1. Checking Val92 against (1) hydrophobic (A, V, I, L, M, F, W, C); (2) at pLDDT below 95; (3) within 19 Å of His170 (Cβ to Cβ), which single condition isn't satisfied?
2. Could you grab me the full set of residues in the stretch 91-110 that are open to solvent by less than 30 Å² (accessible area, probe 1.4 Å) and either in a strand (DSSP E or B) or more than 20 Å from Val210 (Cα to Cα) (or both)?
3. Looking only at helices (runs of 4 or more DSSP H) that fall completely inside the stretch 118-230, which ones have 2 or more residues that are at negative phi and surrounded by fewer than 22 Cβ atoms within 10 Å (Cβ to Cβ)?
4. Restricting to the stretch 165-217, what's the tally of residues that are within 13 Å of the chain's Cα centre (by Cα) and basic (Lys, Arg)?
5. Show the residue pairs that are 6+ apart or on different chains and have beta-carbon atoms under 7 Å apart, the first residue being within the stretch 165-191 and at pLDDT 95 or above and of a type in the set (Lys, Arg), the second being part of a loop (DSSP other than H, G, I, E, B) and open to solvent by 20 Å² or more (accessible area, probe 1.4 Å).
6. Condition first: in contact with a strand residue (DSSP E or B) (Cβ under 8 Å, 6 or more places away or on another chain), over 28 Å from Gly67 (Cβ atoms) and at pLDDT 95 or above. Can you find one or more residues in the stretch 153-161 that meet it?
Amino acid sequence: MRFPLVAAGLATALTLAACSGPSPEPAFVPAAAPSAVPSATPAASPAPSASATPSAAAPRHVFPVLGKSSYGRTHHDYQATDVMAPCGATIVAVVDGVVLEISPVDLYDPKTDDGALRGGKSVSLLGDDGVRYYGSHFSAIDAKIKAGVRVKAGQPLGKVGRTGLASACHLHFGMSPVCASTGDWWIRRGVIWPWRYLDAWRKGTAKSPVTEIQTWERKNGCSTKPPKGA
């Protein structure tokens, strides 16, 4: 005669479930932006009003360039990837998110070699996963792409080019914590190696950089000025 005990146990479990609190929020929260922005950086549009905190479900990632391309596992000076592709190839958003800033005009001058301008025409995106994704050396940026605009994974951002400090057509691709959100080009350009994620996304395999980005930020923090020699 165990039925009364089973019923009592079920009632107790339901009572405890009803008393429990809501599930905790995701751990990764973008850092607040400081008020100062380096004067050498191209003027950024207003910060997006849409929330870009990570969603509970991991967002889908796609490869950033359509068509034929290649890339290596190393990069000069810092951790990023150059995706070599034909001039004019389409660059797309790798994940759902909000555009943080764009540089629609190539202001790079080799005589001054300003690090803030080496990317030429560029787009910075805050993904719904809380990671900042950056692409540069565009030949053109899509007219719909503005700071604050929401984009979907696979949506065109612009075309591959060689603006800024670039000798051949390619997409410079970097991933970083959001940190100052805009203006901190020395972080925005990339802080972890992207190739293992690019390998997965090209195959249609899910792989998220969130954990690696979180680890980097806990270890290094967000500097407020570029490192010497950057």
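1. Unmet condition: (2).
2. Ile91, Val92, Gly97, Val98, Val99, Leu100, Glu101, Ile102, Ser103
3. It comes to 195-202, 210-220.
4. The qualifying residues number 2.
5. Correct list of pairs: Arg189/Tyr78.
6. No: zero hits.
The values are calculated or read from the model by the stated rules, or taken from the named source; none is laboratory data. Treat the numbers as computed from the prediction; the structure is a model and nothing was measured. Heads up, the Cβs are rebuilt from the backbone with ideal geometry, glycines too, and the neighbour counts pull from every protein chain shown. For accessibility, only protein heavy atoms count, side chains too; no ligands or nucleic acids. Shrake-Rupley method; radii C 1.70, N 1.55, O 1.52, S 1.80 Å.
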